[in-house]
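One structure below.
The values are calculated or read from the model by the stated rules, or taken from the named source; none is laboratory data. Treat the numbers as computed from the prediction; the structure is a model and nothing was measured. Every residue, glycine among them, receives a Cβ derived from its backbone with ideal geometry; neighbour counts consider all protein chains shown.
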Ligand code: FAD
């Protein structure tokens, strides 16, 4: 069987998921090249900072990525404990004032829609009863979702790739086409998968000025949410760009509380006033998180900031030839890179097949 030589640029959730799915195909020789790898914490490397859970954000027309990812994340949660994913109950709350204003406080209008498309995707979706809603809430819904401990899941993806022969190399690339010369096979790669996330903004050959940061400030605490409830209200009172959520990670990963959704903000440092508001809202929403003791009852592991890779026009998954190298782009996943990871990788593989067919037919 002829070999297709592939270099994946990027070791975030997008690159690693693509590398794993590509490596499962016989005949693919896959190398991953990245500046940052799982284990690193850097503001410009988004994946380790994510919660991460599944709260569908796309509208129905753009739901393929999330639709096609959910079955695999649910399977991993049920059948593969080593992946660091567990089932948790998501509770989405629509505030009266947000419903009246037709706004979602910045996170996602589709998530807070009154009759959301994803009710057909989530097995046990139900609307909350009036007696389950707090003051000021218009309505809400609940369904079984997952929470991913990214500190376990990203290395798990690496280990799955290694078991299939993927080779990992560190590299800081000035131009996307340099990746083609970095295959571990010593041959020039037939194609490059560009999963460079936010850094697509300044990667030579791409320089995508539609990409922008969406700043996410978080606090990770040792406390666990009562009954594993992951709360997401449609908005908060306070400065623009602030949101509220909490999710308890699998396998002792603590609880990630957030947060912010600040478009165009590159600041990688935690703001302490924001941190206090994040914690205050979390204990108001989930008093049991701190045993009713307020923020004094929170045991902080760390404060952090990650920059989500936003993109005007949405995610970019397409192929093009750059300086003679076939490139399949997969970047710009904003706040849904995990919950869309397998769906996006599926599309990347379709594009890789198209390119591999063309490359081989010329031999
Ligand atoms: P990244 O993780 O940034 O990886 C990019 C990779 O490309 C890195 O390895 C980097 O080193 C490499 N790279 C880039 N340029 C170069 C270069 N020139 N040379 C070499 N290497 C290069 N998503 C969810 O699905 N659910 C959630 O609950 C969720 N919560 C979030 C909460 C916060 C606070 C944040 C910040 C994000 C959250 N997200 C969530 C979004 C999710 O984290 C991102 O969409 C996702 O991590 C993007 O992954 P990526 O692989 O595309 O990019």
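Data overview
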{"item": "So residue 273, is it within 12 Å of the ligand (Cβ to nearest atom), modelled with pLDDT of 95 or more and not in a loop (DSSP other than H, G, I, E, B)", "result": "no"}
{"item": "Positions within the stretch 114-154 being without any contact (Cβ under 8 Å) to a residue 12 or more places away in the chain and under 17 Å from residue 61 (Cα atoms), in sequence order", "result": "115, 120"}
{"item": "Residue in the stretch 194-209 that is away from the ligand (no atom under 13 Å from the Cβ) and either in the same structural domain as residue 358 (by TED's automatic domain parsing) or at pLDDT 95 or above (or both) present", "result": "yes"}
{"item": "Hits in the stretch 36-87 - residues which are part of a helix (DSSP H, G or I), out of contact with any helix residue (DSSP H, G or I) (no Cβ under 7 Å at 6 or more places or on another chain) and under 21 Å from residue 314 (Cα atoms)", "result": "49, 61, 62, 70"}
{"item": "Hey, residue 13 touching a residue at least 40 places away in the same chain (Cβ under 8 Å), over 18 Å from the mean Cα position of the chain (by Cα) and either assigned by TED's automatic domain parsing to the domain that holds residue 342 or surrounded by fewer than 22 Cβ atoms within 10 Å (Cβ to Cβ) (or both) or not", "result": "no"}
{"item": "Only one of 313, 268, 264, 306 that is within 23 Å of the chain's Cα centre (by Cα) and surrounded by 21 or more Cβ atoms within 10 Å (Cβ to Cβ)", "result": "306"}
{"item": "Residue list for the stretch 221-235, restricted to those being within 20 Å of residue 294 (Cα to Cα) and crowded, with 20+ Cβ neighbours inside 10 Å", "result": "221, 223, 225, 230, 231, 232, 233"}
{"item": "Candidate set from the stretch 91-138 (those that are more than 23 Å from the chain's Cα centre (by Cα) and on the phi > 0 side of the Ramachandran plot); member that is modelled with the lowest pLDDT", "result": "102"}
{"item": "In the stretch 316-349, the residues that are part of a loop (DSSP other than H, G, I, E, B) and buried (at least 18 other Cβ atoms within 10 Å of the Cβ)", "result": "332, 333, 334, 335, 336, 337, 338, 339, 340"}
{"item": "Number of the exception - residue 16 against (1) closer than 29 Å to residue 186 by Cα; (2) in a strand (DSSP E or B); (3) within 14 Å of the ligand (Cβ to nearest atom)", "result": "(2)"}
{"item": "Given (1) more than 11 Å from the ligand (Cβ to nearest atom); (2) assigned by TED's automatic domain parsing to the domain that holds residue 197; (3) closer than 25 Å to residue 48 by Cβ, number of the condition residue 331 does not satisfy", "result": "(1)"}
{"item": "So residue 90, is it in a strand (DSSP E or B), within 14 Å of the ligand (Cβ to nearest atom) and surrounded by 22 or more Cβ atoms within 10 Å (Cβ to Cβ)", "result": "yes"}
{"item": "Checking residue 26 against (1) surrounded by fewer than 22 Cβ atoms within 10 Å (Cβ to Cβ); (2) under 30 Å from residue 184 (Cα atoms); (3) touching a helix residue (DSSP H, G or I) at 6+ places or on another chain (Cβ under 7 Å), the condition it does not meet", "result": "(3)"}
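Per-residue answers, yes or no, for (1) buried (at least 17 other Cβ atoms within 10 Å of the Cβ); (2) more than 13 Å from residue 16 (Cβ to Cβ):
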residue	(1), (2)
39	no, no
44	yes, yes
54	yes, yes
59	no, yes
62	no, yes
71	no, yes
